[in-house]
Amino acid sequence: MSDAPQKQDVLVRMQADLKRALDKPRNQRRWVMVLDLRKCVGCHACTISCVAENKLPPGVVYRPVLEDEIGTYPNVTRRFIPRPCMQCDNPPCTDVCPVNATYKNDDGVVMVDYNQCIGCRYCVTACPYGARTFDFGDTYTKGTPEAAGLIVGQSTADDYERAASFEYGEAHTRTSGEESPIGNVRKCHFCLHRLAVGMLPSCTTTCIGRATYFGDANDPDSVVSELIASPNVMRLKEELGTEPRVYYLL
C-alpha cells in the first residue's frame, strides 16, 4: 500500500471556500461559477440534479448542456457546454421588466419575484443566453390516474410535483394561487437556498468529472479565483457588456 498522501477532492476545498465566504458581509463576496469544458463529458448529471433539487416541471430547465461539434472532417470532436444563468453584473433582463420582478439581490444574483412577475416574458426575449424558461403549469403526471386522484391512501407523484420548492429561500407550491411560480418566468439562481445553509449548488456537487466549480471570486485563496486567472478562460458573449459571472476554461 502506498504511503503517498492522497490528493484532496476539490469539493472539500470548495466547501471550505464557501464557509469563509459566508462569514463575510454579503456585499464583500462575489459568487462565480467556473466550468471546465476540458472535463465535461456531457453526462447531463448537473441538469438532472438541478431538476430534482428544484422540482422543475416539463419544459423548465435551469441548466441545459449544449453540444458543439468542432474541427474539420475527418478531424472532428464534440464539446459539451453547460449553460446556467450567467448571473450578469449588467443583466439586460432586469431593465425590461415592467414591474421590477427581476432584480439583483445583495449577493449579486439575478432573481425573480414570483409574487411580482406578471408573466409578460419580456425578460425571456432580452436574455442573450436563453437562460430563462416559462412555467406553463405542466406536470409529468398530467393525464394519468395519479393526477386525477384515483390512487387513494398513498402519496402520489402528482403530489410531489406540486409540493413546495424552496427556491430563493421561500416555499412556493405549484398551484394556481398568487404565490405560485405557474405563469411566471423561472431561472437558475445558483441554488441560493443551499448556499444559505452552507451547501454548494447541486450541479457542483453532482458533476462526475469535477468540471463545475463555485465560490467567491473576492477570496484570493479560493479555487475559483485561481481558475479565472488562467490564460485559457473565457466568458460567453463578453462583447455585449453583460459582465457574466460564469466563466469557461477551454
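The values are calculated or read from the model by the stated rules, or taken from the named source; none is laboratory data. Quick caveat: nothing in here was measured; it's all calculated off a predicted structure. Heads up, the Cβs are rebuilt from the backbone with ideal geometry, glycines too, and the neighbour counts pull from every protein chain shown.
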| query | For the range 196-250, what are the residues that are closer than 21 Å to residue 110 by Cβ, among the hydrophobic types (A, V, I, L, M, F, W, C) and assigned to a strand (DSSP E or B)? | reply | 214, 234, 246
| Would you call residue 10 touching a helix residue (DSSP H, G or I) at 6+ places or on another chain (Cβ under 7 Å) and crowded, with 19+ Cβ neighbours inside 10 Å? | no
| query | For the range 1-59, what are the residues that are among the basic types (Lys, Arg), in a helix (DSSP H, G or I) and modelled with pLDDT under 95? | reply | 26
| remark: Condition set within 16 Å of the chain's Cα centre (by Cα) and closer than 15 Å to residue 244 by Cβ, scope the range 94-108, selection surrounded by the fewest Cβ atoms within 10 Å (Cβ to Cβ): answer is 104
| said: Regarding the range 81-95, can at least one residue be identified that is farther than 30 Å from residue 163 by Cα and touching a strand residue (DSSP E or B) at 6+ places or on another chain (Cβ under 6 Å)? | reply: yes
| request: Identify all residues within the range 65-83 that are within 21 Å of residue 129 (Cβ to Cβ) and either touching a Ser or Thr at 6+ places or on another chain (Cβ under 6 Å) or not in a loop (DSSP other than H, G, I, E, B) (or both); write none if there are none. | output: 65, 66, 67, 68, 69, 70, 78, 79, 80, 81, 82
| said: For the condition buried (at least 16 other Cβ atoms within 10 Å of the Cβ), of a type in the set (A, V, I, L, M), modelled with pLDDT of 90 or more and assigned to a loop (DSSP other than H, G, I, E, B), what is the one hit in 111, 86? | reply: 86
| said: For the range 65-80, which positions are farther than 16 Å from residue 37 by Cα and either surrounded by 10 or more Cβ atoms within 10 Å (Cβ to Cβ) or aromatic (Phe, Trp, Tyr) (or both)? | reply: 73
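Is it the case, given these coordinates, that residue 144 is among the hydroxyl-bearing types (Ser, Thr, Tyr), surrounded by 18 or more Cβ atoms within 10 Å (Cβ to Cβ) and at pLDDT below 80?
On the way: among the hydroxyl-bearing types (Ser, Thr, Tyr): yes; surrounded by 18 or more Cβ atoms within 10 Å (Cβ to Cβ): no; at pLDDT below 80: yes.
No; evaluated as a whole, the condition is false for this residue.
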| said: Looking only at the range 57-73, filter to residues that are in contact (Cβ under 8 Å) with a residue 60 or more places away in the chain and touching a Phe, Trp or Tyr at 6+ places or on another chain (Cβ under 7 Å); which one of those is farthest from residue 108 (Cα to Cα)? | reply: 58
